[in-house]
Amino acid sequence: MKIFDSHCHLDDRTFRGDRTEVLEKMAAAGVLGAMTVGITRSSSEKGVKLAKAHPNLFASVGVHPHDAKSCSESTLSYLKELAGNPKVRAWGETGLDFNRMFSPQEIQEKWFLRQIEMADGLDLPLIFHERDSGGRFLSILKETHHPKRRGVVHCFSGNKAELEEYLALGYHIGITGILTVKKRGEDLRSLVPIIPEERILVETDAPYLTPTPERNHHRRNEPAFVKTTLLKLAEVLGKDPVLLSEVVWENTCRLFDVDPLLGSS
């Protein structure tokens, strides 16, 4: 079984003391690829440095909607320069988050639109973040849509109508450990059968969103735990987990333009 953690934050300070051990556990669990996702200028820089040092790691660059207030044209120029590294395979995490409003709505929208333009210009897939945007996120995606754009809606937690809209636009759907949580994951488990197999990715969002049962023993999520999400996904879909893992691996490699033979002996 080969699994690709399509969204984690290995630059996070919680991994500072044991990152080597985390990567070893990841490999032992059959997680042979991971995308470490940028959320600020600094985290993007750190993520690229990590990806350059490890053959099975890749990086994205971007500014999270929480941090949109600190974005600027000079930041985007720097991220564009970082994106010239061959280990950078995506742009994001970018989008809209009206839940906590760490950045004003108009600022989030301004820099979301600019980051879409940047990714399109570089022909990089987008890693999208959406929370409580009241339909505005989807409106922007539809207003700016073009058929060659690729992307994944990270940590999907929306409703059926939103899911169908994302699929109609051609996007992939990222499934996190929320799927494994009894109450919180109930709606997600009812919706995943709608997603075509060739559009599904699995992710940890480490160090956040630890799946069950690991969340009962570990405060921090890590890439190795994405295997639990994959196994639960196979259970919900009634699929053989080994065969499903092959499909999801191919999906991830195709989206991020990664050699599917990565990690093969």
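We did not get these values from a lab; they are worked out from the coordinates using the rules stated. Fair warning: this is a prediction, and the values are worked out from it, not measured in the lab. Backbone-built Cβ (ideal geometry, glycine too); neighbour counts: all protein chains shown.
When only Cα pairs below 8 angstrom with a gap of at least 6 residues are kept, region 104-166 shows a relative contact order of 36 percent. Per-residue ellipticity at 222 nm computed for the chain from its helices equals -11500 deg cm²/dmol, with DSSP H segments shorter than 4 residues left out and the rest contributing -39,500 (n - 2.57). If you wrap the tightest convex hull around every Cα atom of the chain and split its volume per residue, you get 119 Å³. When you filter the trypsin sites (Lys or Arg not before Pro) in region 63-115 for DSSP loop state and at most 14 other Cβ atoms inside 10 Å of their Cβ, you are left with R100. Do any trypsin sites (Lys or Arg not before Pro) in region 135-209 lie in a DSSP loop with no more than 10 other beta carbon atoms within 10 Å, and if so, which? Those that pass, being in a loop and sparsely packed, are K148, K182, K183. Here the extension length gained between L243 and I194 equals 15.8 nm, from 0.36 nm per residue of separation less the Cα-Cα distance.
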